[in-house]
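Enquirer: There's a structure below that I have some questions on.
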Amino acid sequence: MENKTSKYLKYAIGEIILVAIGILIALQVNNWNENRQLRKLEKASITALFSEFNSNKSAMESCKYLISDMRLYGDSIRMQLGPQKSNLEIEQVNHWFGEIGFTRRCEISTDVLNSGNINIISNPEIRRKISKWSSVLKDLEREENEWAQQFSSTITSYLNKWIQWDDVDYNTDSRDDPRYFKSRFSIDPRVVLQQVEFSNIMNNHYWRIKRTEERTISLLQQTEEVIELMQEELDKI
């Protein structure tokens, strides 16, 4: 009886050990499958972000060019400011006013970024860089808003007294378009270049464009850094 009991206990213990080993193996396989699924989700998330950031990079490069162009037109106007009447052609002055008569907003997409999948990215450096990128984007958007507000509330209202927007539009847009025509008023826009108040307004406007340009360049640099990190991570997965 003792021998039978001992054999039974050994057999039972062996069964328990086998069951425990089986459970551990099953848990390990389950964890492996879960980790593999997480890595697939992570790769899909990074791939989507990678595509979005590359699109944003192209948009910012275009914005950078356009804003720089507007800053140069602002520079041209500022160089003509002074007590003496400018010798520029009236059409040239109207053209410059037409070029600075816009505010640029970069069309930055954050659809993938705001989807919440960023939390599954395991690389802390990528998450840190994206967080910094979001902060710089907010700075740019704030600068763009202030630029647009300043233009509509200050520059436009002031220039209404000194220039004829019909002539500006006619000179800037297609002259073959019947919607645009020259004004019947005889207004010399060069006179505004002799006004001290307008000189101060243009100074503020120029630096507003300059700050927006700097924010755009900074965001572009951050974007390139994030893209580089994500490319490295995708190569590992």
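The values are calculated or read from the model by the stated rules, or taken from the named source; none is laboratory data. Being a predicted model, the structure only gives us computed values, none of them experimental. All Cβ positions, glycine included, derive from the backbone under ideal geometry; neighbour counts span all protein chains shown. For the accessible areas, the whole protein counts, side chains as well, though only heavy atoms, and no ligand, DNA or RNA atoms are used. Shrake-Rupley method; radii C 1.70, N 1.55, O 1.52, S 1.80 Å.
Enquirer: Add -39500 (n - 2.57) for each DSSP H run of 4 or more in the chain, then divide by its residues: what number comes out at 222 nm, to the nearest 500 deg cm²/dmol? Walk me through the intermediate numbers first.
Expert: Details: 6 runs with 169 residues, N = 237.
After summing the helix terms and dividing by the residues of the chain, the value is -25500 deg cm²/dmol.
Enquirer: How high is the relative contact order of the stretch 128-233, in percent, with contacts defined as C-alpha pairs under 8 Å that are six or more residues apart? Write out the running numbers ahead of the final one.
Expert: Details: 62 pairs, mean separation 45.6, N = 106.
After rounding, I find 43 percent.
Enquirer: To the nearest 20 Debye, how big is the dipole of the stretch 152-230 about its Cα centre, given +1 on the beta carbon of each Lys and Arg and -1 on that of each Asp and Glu?
Expert: Values: 10 positive and 13 negative charges, 94 e Å.
For the stretch 152-230, the charge dipole is close to 460 debye.
Enquirer: For a quick check of understanding: with a 1.4 angstrom probe and all protein chains in place, what accessible area in square angstrom does Asp169 have, to the nearest ten?
Expert: Rounded to the nearest 10, that gives 60 Å².
Enquirer: Further, regarding this structure: Which shape class applies to the stretch 43-116: rounded if a/c is under 1.5, otherwise prolate when a/b exceeds b/c and oblate if not, where a ≥ b ≥ c are the square roots of the Cα gyration tensor eigenvalues?
Expert: On the way: a/c = 4.88, a/b = 4.60, b/c = 1.06.
The shape class here is prolate.
Enquirer: Another question, then. I'm spelling it out carefully: the read-out is Cα Rg over 2.2 N^0.38 Å, the candidates are (1) 1.83; (2) 2.32; (3) 1.05, and one was derived from this structure. Which label?
Expert: This structure yields the entry labelled (1).
Enquirer: With springs only between Cα atoms under 10 Å apart, run a GNM on the chain and tell me which of Gln222, Gln195, Gln150 wobbles the most.
Expert: Gln195
Enquirer: Gaussian network model of the chain, Cα springs within a sub-10 Å range: biggest mean-square fluctuation belongs to which of Thr212, Thr156, Thr223?
Expert: Of the options given, Thr156 has the highest mean-square fluctuation.
Enquirer: Under a 1.4 angstrom probe, counting protein chains only, how are His95, His205 ranked by accessible area, largest first? Could you put the intermediate results ahead of the total?
Expert: Numbers: His95 50, His205 0 Å².
From most exposed to least exposed: His95, His205.
Enquirer: Oh, and also: Net charge around Gln164, counting only other residues with Cβ within less than 12 Å of its Cβ (Lys, Arg = +1; Asp, Glu = -1)? Write out the running numbers ahead of the final one.
Expert: Working: positive: Lys161, Lys182, Arg184; negative: Asp166, Asp167, Asp169, Asp188.
Taking every Cβ under 12 Å from that of Gln164, the sum is -1.
Enquirer: Given a 1.4 Å probe and heavy atoms of the protein chains only, how would you sort Val191, Val196, Val136, largest accessible area at the top?
Expert: Values: Val191 50, Val196 110, Val136 20 Å².
I get Val196, Val191, Val136, largest accessible area first.
Enquirer: Enter the accessible area of Arg104 (Å², nearest 10), with the probe set to 1.4 Å and all protein chains included.
Expert: Accessible area, nearest 10 Å²: 80 Å².
Enquirer: Okay, next question. So which residue, out of Ser76, Ser135, Ser186, gets the largest mean-square fluctuation from a GNM of the chain using Cα contacts under 10 Å as springs?
Expert: Sorting by GNM fluctuation, first place goes to Ser186.
Enquirer: A further question on this structure: For Phe97, Phe151, give me the order by solvent-accessible area with a 1.4 Å probe, most accessible first, ignoring ligands, DNA and RNA. All intermediate terms of the calculation are to be shown ahead of the outcome.
Expert: On the way: Phe97 5, Phe151 25 Å².
From most exposed to least exposed: Phe151, Phe97.
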